[in-house]
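Participant: I am attaching a structure below and will ask some questions about it afterwards.
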Amino acid sequence: WISAVNDNEEAELVHSVSYGNDEAQQVSEEYMQSVNTEFMKAAARGLSIFVASGDQGVYGREGPGNNVFHPDFPASSPWVTSVGGTDFVTPSVTGEEQAWDGSGGGFSNTFPVASWQAAAVAQYKMTAADTLPPSFLWNASGRGYPDVSCLGGSVNPYCVSADVGELAGVWGTSASTPVVAGIFAQLNNVRLTAKMPPMGFVNPFLYQNMDCFFDVKQGVNDGGYNWGFAAVEGWDPATGVGTPNYAKLKERVLMV
Ligand SMILES: *[C@@H]1O[C@H](CO)[C@@H](O)[C@H](O)[C@H]1NC(C)=O
């Protein structure tokens, strides 16, 4: 898919991807590295690729059987923007959000921490020191994900037109990801209207402009099992930098 995107001279500027499986379930490490190289090419040409962080919490599709967390690919690629899912703290009340327990997140076993997130990841390990899962469960040198989050809707689903004349409730990180992609498509519109280049690869921007996101500070992505990562102040591997504050973002993207 990403090779076809890179071969297309008229590729759309923003892409939303729901696919993901555990890194350990991928064909090989070489496969993940070659896909990651294609993601770098997409980033270099100014495309924005948003990838769902997964719907099984830290244990991934393999589950808790062998008692280690299972990071998800391609969400774990440093060269995509990984999107987690939240719920409203008070059901049915639009306002403060918390991490959804099924939202994928954690640290890659394949890709090292990315430079643009290194300070935020280090800060998390200090802020969350009291709640960090035992070190044998996760890889302290890995790329942390998700980068950002948005309502996943497991409690209050999104209402979508799924078929002619039919409305359906949908939820999960496959719902939160196209919402974030849509917001960044709007931000591209703001910039292109001002004769500025598109946002392109957004991760450095996210970590440098964390004040443009609603910080999510509650909830744990344990998938309903014993351990998970807690959402805390600042970036965390449950909700990333938080959920987009469009009013702030649309001003900020004209200044960077
Ligand atoms: C931890 O992640 C690094 C990449 O940052 C990798 O080289 C290493 O093999 C991983 N360790 C395990 C136990 O998977």
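Participant: Looking only at the stretch 35-55, decide whether some residue is in contact with a Phe, Trp or Tyr (Cβ under 7 Å, 6 or more places away or on another chain), open to solvent by less than 40 Å² (accessible area, probe 1.4 Å), within 13 Å of the ligand (Cβ to nearest atom) and not in a strand (DSSP E or B).
Facilitator: Scanning the stretch 35-55 turns up at least one residue that is in contact with a Phe, Trp or Tyr (Cβ under 7 Å, 6 or more places away or on another chain), open to solvent by less than 40 Å² (accessible area, probe 1.4 Å), within 13 Å of the ligand (Cβ to nearest atom) and not in a strand (DSSP E or B).
Participant: Does Y225 fit the bill of being in contact with a helix residue (DSSP H, G or I) (Cβ under 7 Å, 6 or more places away or on another chain) and either open to solvent by less than 40 Å² (accessible area, probe 1.4 Å) or acidic (D, E) (or both)?
Facilitator: no
Participant: Within the stretch 20-33, take every residue that is in contact with a helix residue (DSSP H, G or I) (Cβ under 9 Å, 6 or more places away or on another chain) and surrounded by fewer than 21 Cβ atoms within 10 Å (Cβ to Cβ) and give me the one that is nearest to P198 (Cα to Cα).
Facilitator: Checked the stretch 20-33; the qualifying residue nearest to P198 (Cα to Cα) is M32.
Participant: Only one residue in A118, A75 is among the small types (G, A, S), within 16 Å of the ligand (Cβ to nearest atom) and open to solvent by 10 Å² or more (accessible area, probe 1.4 Å). Which one?
Facilitator: Sole residue among the options that is among the small types (G, A, S), within 16 Å of the ligand (Cβ to nearest atom) and open to solvent by 10 Å² or more (accessible area, probe 1.4 Å): A118.
Participant: Residue by residue through the stretch 90-111, note down the ones that are open to solvent by less than 50 Å² (accessible area, probe 1.4 Å), of a type outside the set (D, E, K, R) and either away from the ligand (no atom under 16 Å from the Cβ) or under 14 Å from F229 (Cβ atoms) (or both).
Facilitator: G95, A99, W100, G102, S103, G104, G105, G106, F107, S108
The values are calculated or read from the model by the stated rules, or taken from the named source; none is laboratory data. Computed from a prediction, not measured in an experiment: that's the story for all the values here. No Cβ is skipped: glycine too gets one built from the backbone with ideal geometry, and neighbour counts run over all protein chains shown. Heavy atoms of the whole protein, side chains included, go into the accessibility calculation; ligands, DNA and RNA do not. Shrake-Rupley method; radii C 1.70, N 1.55, O 1.52, S 1.80 Å.
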